[in-house]
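K.L.:
One structure coming up, written as structure tokens, with questions to follow.
The values are calculated or read from the model by the stated rules, or taken from the named source; none is laboratory data. Small disclaimer: the values here were computed from a predicted structure and weren't measured. A quick note on method: Cβ atoms are made from the backbone with ideal geometry, for glycine too, and the neighbour counts reach across all protein chains shown.
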Amino acid sequence: MQRSVLPCLTGVRPGDGSDIELLDAIDRSARGAGHGADHEVMIEQYRLIVVEHGASRGYSYLYATGAPYLLAATDVAAAESALWAALAATDATDEIDFDHLTSRHGWAIDIGLGAGLELHGRGYLALRGMAPPAAYLPSGHFL
């Protein structure tokens, strides 16, 4: 990854268990339903970052490498900030993946390519009656 392209971000902070109500509100905006008790599991297993710019809010759970595990936001601008913050948390030698992208994730593809990441097509995202959420990057475990 090209660290020289990382933007200077504001409104990004570490998250914790006291943010679960906020996270569920963001989930409802991004994907139509909160993750509820899943947040308690993810908070124990992953680092959490929260983005807040007025009504524009988002979050990302991060792997130990800093790569995004799951990302949700109220709008694409907050999703972009959360993804950039996740990339800033990585080490230059870490492998970075964000998977399960759909046609609504052009913003994530643009960030990845802009950061010098390679683009590979693999796998799929099964939604079954759910429109692909735009400001959301699902994990493999928690849609």
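One line per residue, one yes/no per condition, for (1) within 19 Å of residue 130 (Cβ to Cβ); (2) modelled with pLDDT of 95 or more:
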{"residue": "1", "(1), (2)": "no, no"}
{"residue": "8", "(1), (2)": "no, no"}
{"residue": "21", "(1), (2)": "no, yes"}
{"residue": "32", "(1), (2)": "yes, no"}
{"residue": "48", "(1), (2)": "no, yes"}
{"residue": "71", "(1), (2)": "yes, yes"}
{"residue": "75", "(1), (2)": "yes, yes"}
{"residue": "91", "(1), (2)": "no, no"}
{"residue": "95", "(1), (2)": "no, no"}
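K.L.:
Moving to a separate point now. Would you be able to say whether some residue in region 106-117 is out of contact with any helix residue (DSSP H, G or I) (no Cβ under 8 Å at 6 or more places or on another chain), surrounded by fewer than 18 Cβ atoms within 10 Å (Cβ to Cβ), in a loop (DSSP other than H, G, I, E, B) and modelled with pLDDT under 85?
P.N.:
Taking every residue of region 106-117 in turn, none turns out to be out of contact with any helix residue (DSSP H, G or I) (no Cβ under 8 Å at 6 or more places or on another chain), surrounded by fewer than 18 Cβ atoms within 10 Å (Cβ to Cβ), in a loop (DSSP other than H, G, I, E, B) and modelled with pLDDT under 85.
Quick grid of which residues meet (1) over 11 Å from the mean Cα position of the chain (by Cα); (2) buried (at least 21 other Cβ atoms within 10 Å of the Cβ); (3) of a type in the set (A, V, I, L, M); (4) outside any strand (DSSP E or B):
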{"residue": "57", "(1), (2), (3), (4)": "yes, yes, no, no"}
{"residue": "71", "(1), (2), (3), (4)": "no, yes, yes, no"}
{"residue": "79", "(1), (2), (3), (4)": "no, yes, yes, yes"}
{"residue": "82", "(1), (2), (3), (4)": "no, yes, yes, yes"}
{"residue": "85", "(1), (2), (3), (4)": "no, yes, yes, yes"}
{"residue": "93", "(1), (2), (3), (4)": "yes, no, no, yes"}
{"residue": "97", "(1), (2), (3), (4)": "yes, no, no, yes"}
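K.L.:
Here is a follow-up. Give me the pairs, please: first residue somewhere in region 100-112 and closer than 16 Å to residue 125 by Cα, second residue anywhere and buried (at least 18 other Cβ atoms within 10 Å of the Cβ) and charged (D, E, K, R), beta-carbon distance under 9 Å, and either six or more positions apart or on two chains.
P.N.:
108/80
Results for (1) more than 14 Å from residue 139 (Cβ to Cβ); (2) acidic (Asp, Glu), shown as yes or no for each residue.
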{"site": "26", "(1), (2)": "yes, no"}
{"site": "39", "(1), (2)": "no, no"}
{"site": "56", "(1), (2)": "yes, no"}
{"site": "61", "(1), (2)": "no, no"}
{"site": "86", "(1), (2)": "no, no"}
{"site": "97", "(1), (2)": "no, yes"}
{"site": "104", "(1), (2)": "yes, no"}
